[in-house]
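What follows is a single structure, written as structure tokens, with notes after it.
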């Protein structure tokens with residue numbers, strides 16, 4: 001029986017993809033919040049600098065590099081108080097067989113992620 005991934009599962013998948021990249025790039029995790037509407041998702045330290053990272057799962061055909069400008073302004077203003085840098089990490093996830101279909105549990109999917117976008 002095929003099961004479509006829930007919004008939370010898609011968000012968790014996007015979080016894992018970004019988290020692995022952050023780890024590889026030498027970021028140290030200070031706080032992780034996996035709730036989609038609780039921002040930022042990651043608060044990290046790298047080279048003694050604080051980083052706020054907002055992660056979003058972006059549905060096909062939307063562009064994972066497009067972000068909510070008002071939300072990111074709000075996060076950036078919050079980050080400034082902590083002398084932190086602010087980033088957006090949009091992760092496009094789509095069905096590997098047919099991009100117009102949803103992503104199903106235990107089936108192949110395509111990841112469209114080009115890294116952090118500094119705000």
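The values are calculated or read from the model by the stated rules, or taken from the named source; none is laboratory data. As the structure is a computational prediction, the values presented were derived from the model and not from experiment. All Cβ positions, glycine included, derive from the backbone under ideal geometry; neighbour counts span all protein chains shown.
Of the residues making up region 100-119, those that are under 30 Å from residue 1 (Cα atoms) and part of a loop (DSSP other than H, G, I, E, B) are 100, 101, 102, 103, 105, 106, 107, 108, 113.
Identification of strands (runs of 3 or more DSSP E) wholly contained in region 1-99 with 2 or more residues that are buried (at least 20 other Cβ atoms within 10 Å of the Cβ) yields 42-46, 49-59, 84-95. A Cβ distance below 6 Å, combined with a sequence gap of six or more or placement on separate chains, defines the contacts here; from region 63-87, residues that are free of Cβ contacts under 8 Å to residues at least 40 places away in the same chain reach residues that are surrounded by 14 or more Cβ atoms within 10 Å (Cβ to Cβ) and in a loop (DSSP other than H, G, I, E, B) in the pairs 87/116. The residue pairs whose first member lies in region 98-119 and is farther than 17 Å from residue 59 by Cα, whose second member is at pLDDT 95 or above and surrounded by fewer than 15 Cβ atoms within 10 Å (Cβ to Cβ), and whose beta carbons are closer than 7 Å, counting only pairs six or more residues apart or on different chains, are 117/65.
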